[in-house]
């Protein structure tokens, strides 16, 4: 039980920050390009309560962490927040601006991953004390969750950010056909998750991502 409580305490802040700033970034960039929908809904906010989905943000990640802690496994953390409402038709140039709105979330995760990597570098350079191990574990959790959200959301599956980016970049004739896959995107993602295909795709990409960050910060 102590191990489970410790695991949840280490992961809580990185997960909440990763999800909150990812979603707020979408709303902020949408507002910048002319769509005030997220702002009107109060979703351009650093308050995690405005973005938390009880199932996707709390229950699913919590169960994965609990199972991993209790059984000593290392399942890939997975979850989601309430999507920020964006009316793409209200953007000044809907098809082109969609790319920047979609890319804002993964970019926020990239920035946070860099910040957690820097914290890890600081902790490694400190004289060992009561705070260094918790700092290292939290920094590692921050790298993990932001790396997963970054790479997962860049998969070209609508309505993931990568799918929206693909719609923005494809010629019109292909873009609207590809966009019609959106109602099936989440079921496709769940199938990939439970068949292990998603882990097989993201695992190597995450390893490369973390290796490059380690090189960048000199670990």
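Throughout, read-outs are computed from the coordinates displayed, never taken from laboratory work. All of these numbers come straight from a predicted model, not from anything done at the bench. So basically every Cβ, Gly included, is an ideal-geometry build from the backbone, and we count neighbours across all protein chains shown.
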Of the criteria (1) buried (at least 20 other Cβ atoms within 10 Å of the Cβ); (2) outside any helix (DSSP H, G or I), which one residue 101 fails:
(2)
From the option list 166, 123, 214, 175, single residue qualifying as touching a residue at least 12 places away in the same chain (Cβ under 8 Å), closer than 22 Å to residue 16 by Cα and either out of contact with any helix residue (DSSP H, G or I) (no Cβ under 9 Å at 6 or more places or on another chain) or part of a helix (DSSP H, G or I) (or both) is 123
Quick one: is residue 94 within 19 Å of residue 168 (Cβ to Cβ), in contact with a helix residue (DSSP H, G or I) (Cβ under 9 Å, 6 or more places away or on another chain) and without any contact (Cβ under 8 Å) to a residue 24 or more places away in the chain?
yes
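So which of 113, 139 ends up being in contact (Cβ under 8 Å) with a residue 60 or more places away in the chain and assigned to a helix (DSSP H, G or I)? Show your work before the answer.
Values: 139 fails: in contact (Cβ under 8 Å) with a residue 60 or more places away in the chain.
Only one candidate passes the filter, namely 113.
Looking at 134, 158, which one is on the phi < 0 side of the Ramachandran plot and surrounded by 14 or more Cβ atoms within 10 Å (Cβ to Cβ)? Write out each step before concluding.
Values: 134 fails: surrounded by 14 or more Cβ atoms within 10 Å (Cβ to Cβ).
Going through 134, 158 in turn, the sole match is 158.
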